[in-house]
1. Of the residues ILE107, ILE115, ILE88, only one is at pLDDT 95 or above and assigned to a helix (DSSP H, G or I); which?
2. Would the stretch 78-87 turn up any residue that is farther than 25 Å from PRO29 by Cβ, without any contact (Cβ under 8 Å) to a residue 60 or more places away in the chain and open to solvent by less than 90 Å² (accessible area, probe 1.4 Å)?
3. Kindly list, by first and then second residue, each pair from a residue in the stretch 113-132 that is touching a residue at least 12 places away in the same chain (Cβ under 8 Å) to a residue that is outside any helix (DSSP H, G or I) and loosely packed, with under 13 Cβ neighbours inside 10 Å, limited to pairs with Cβ atoms under 6 Å and residues at least 6 apart or on different chains.
4. If a residue must be of a type in the set (Val, Ile, Thr) and at pLDDT below 95, how many such residues does the stretch 24-58 contain?
5. All but one of (1) surrounded by 11 or more Cβ atoms within 10 Å (Cβ to Cβ); (2) touching a residue at least 40 places away in the same chain (Cβ under 8 Å) hold for GLU92; which doesn't?
6. Given the residues GLU132, GLU72, which is the only one that is at pLDDT below 95, open to solvent by 40 Å² or more (accessible area, probe 1.4 Å) and either closer than 17 Å to LYS34 by Cβ or of a type in the set (S, T, N, Q) (or both)?
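The values are calculated or read from the model by the stated rules, or taken from the named source; none is laboratory data. Because the structure is predicted, anything quoted here is derived from the model rather than measured. Positions of Cβ are generated from backbone atoms using ideal geometry, with glycine treated the same way; all protein chains shown enter the neighbour counts. Only protein heavy atoms, including side chains, enter the accessible area calculation; ligands, DNA and RNA are left aside. Shrake-Rupley method; radii C 1.70, N 1.55, O 1.52, S 1.80 Å.
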Amino acid sequence: MIKQIVYPTLFLFLISHNLLFSKGTICEPKSETKKIEILLEKIGNLDAKFQRNGSMYSAKEAEKHLRFKLEEAKKSFFAPDPKEWTAILFIEKIGSKSFLTGTPYKIIFPNRFEINASEWLKLELKKIESCE
């Protein structure tokens with residue numbers, strides 16, 4: 001009787017333990033501030049060029065520009081309180097297009113593949129939120 005209870009329970013425990021910890025780390029939720037910071041770091045570390053208002057910039061220059069733009073936006077009278085900024089708000093208001101011209105930012109990879117920065121950032125945000 002004990003074998004009939006213990007073995008199936010042990011088997012289920014081992015399976016669930018393996019599924020939960022198979023990546024080797026536990027995925028913890030990240031704050032919106034942390035998600036924005038990760039996105040900015042990912043931008044700066046890309047092997048790609050950024051097109052902004054018709055000019056090309058390095059990944060590090062793009063990261064620096066977006067950090068500046070974010071800090072300025074947080075100071076704006078019309079912006080939400082800095083504590084209320086979300087990663088999606090960052091993507092939509094800061095990382096997607098020029099504030100002055102409305103022209104979308106583009107990321108251009110060495111193989112000439114182009115993607116709108118907003119699309120790329122949203123894909124990266126999904127990875128961050130799913131702990132990939």
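1. Within the list ILE107, ILE115, ILE88, the selection yields ILE88.
2. no
3. The qualifying pairs are CYS131/CYS27.
4. 3
5. So the condition that GLU92 fails would be (2).
6. Selected residue: GLU132, the only one of GLU132, GLU72 that is at pLDDT below 95, open to solvent by 40 Å² or more (accessible area, probe 1.4 Å) and either closer than 17 Å to LYS34 by Cβ or of a type in the set (S, T, N, Q) (or both).
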